[in-house]
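The values are calculated or read from the model by the stated rules, or taken from the named source; none is laboratory data. Keep in mind that what you see is a predicted model, and the values were worked out from it rather than measured. When we count neighbours, we look across all protein chains shown, and the Cβ atoms used for this are built from the backbone with ideal geometry, even at glycine.
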Amino acid sequence: MQGKAHLFIFFIVLYAFSFELYAYFLVEQGYKNVLIYNLFFVFGETLLILFYIKFLVETEKTKRIILYFIILFSLWAVINSIYFQSPDILFQHYTHLLGSLGVVVFSCTLMYRIFMVDRADEIPLLGIPHFWNIAAILLFYSGSFIYFGSLNITWALDSYYLTILASLNRVFAASLYLLLGFSYYSPLIFLQKSGGR
């Protein structure tokens, strides 16, 4: 299980790096990159994170609920694209809001059930890579939910404050990818310090 999860996280980091690089390339060439962000970030990355969380949960009931949410999220993404926010014109923050809400709720549930309540072993929490991954996901998607949820309000702000908010969101995104990338070194650091196995 650990090896598959490690490969999946590596794929998510590589995936994010690839579409971010391509989006940057488009801007440098004078093209809009909003379609890339809608397809690969708003929809694709959210689905990958939801599947990762589904992989970690242990109860069949929770797995089923996450699967139903994935279907609902996908349907909403299609409806939003057709009727409300065209993916090649606007950043689809309505779709992102629903996806972020699901990720935050399921991450909180996972944190509580697996990492806080159902831990049968004596391994320190900081030595569990999945704990770091879920904490990073929770940090980014909580901030992202607030940021994109308040977009309609914040558009009225001065561009200086909008730049600060956008930069803060980028810092959370960078923290997410850094923690995902380095989380599997946590057993080497924290288990050796605590004398764990």
His96: passes all of (1) farther than 30 Å from Leu188 by Cα; (2) in contact with a Lys or Arg (Cβ under 6 Å, 6 or more places away or on another chain); (3) of a type outside the set (S, T, N, Q) but (2)
What pairs come up if the first residue lies in the stretch 150-168 and is aromatic (Phe, Trp, Tyr) and exposed (fewer than 12 other Cβ atoms within 10 Å of the Cβ), the second is in a helix (DSSP H, G or I) and at pLDDT below 75, and their beta carbons are under 8 Å apart, counting only those six or more places apart or on different chains? Trp155/Leu162; Tyr161/Thr154
Scanning the stretch 96-133 for residues that are among the β-branched types (Val, Ile, Thr) and modelled with pLDDT under 95, the one farthest from the chain's Cα centre (by Cα) turns out to be Ile123
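Against the definition (out of contact with any Gly (no Cβ under 6 Å at 6 or more places or on another chain), in a helix (DSSP H, G or I) and at pLDDT 75 or above), how does Leu176 come out, yes or no? Show your work before the answer.
Working: out of contact with any Gly (no Cβ under 6 Å at 6 or more places or on another chain): yes; in a helix (DSSP H, G or I): yes; at pLDDT 75 or above: yes.
So Leu176 passes the test.
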Pairs please, first residue from the stretch 30-53 and more than 15 Å from Phe10 (Cα to Cα), second anywhere and assigned to a loop (DSSP other than H, G, I, E, B) and of a type in the set (Phe, Trp, Tyr), Cβ atoms under 8 Å, 6+ apart in sequence or on different chains. Val34/Phe91; Tyr37/Phe91; Asn38/Phe91; Val42/Phe91
Just one of (1) within 15 Å of the chain's Cα centre (by Cα); (2) acidic (Asp, Glu); (3) farther than 24 Å from Ala166 by Cα trips up Glu45, so point out which. (3)
Conditions (1) touching a residue at least 12 places away in the same chain (Cβ under 8 Å); (2) closer than 24 Å to Leu110 by Cα; number of the one not met by Glu60: (1)
Quick one: in the stretch 151-169, of everything that is assigned to a helix (DSSP H, G or I) and either among the aliphatic types (A, V, I, L, M) or within 17 Å of Ala135 (Cα to Cα) (or both), which residue is modelled with the lowest pLDDT? Ile153
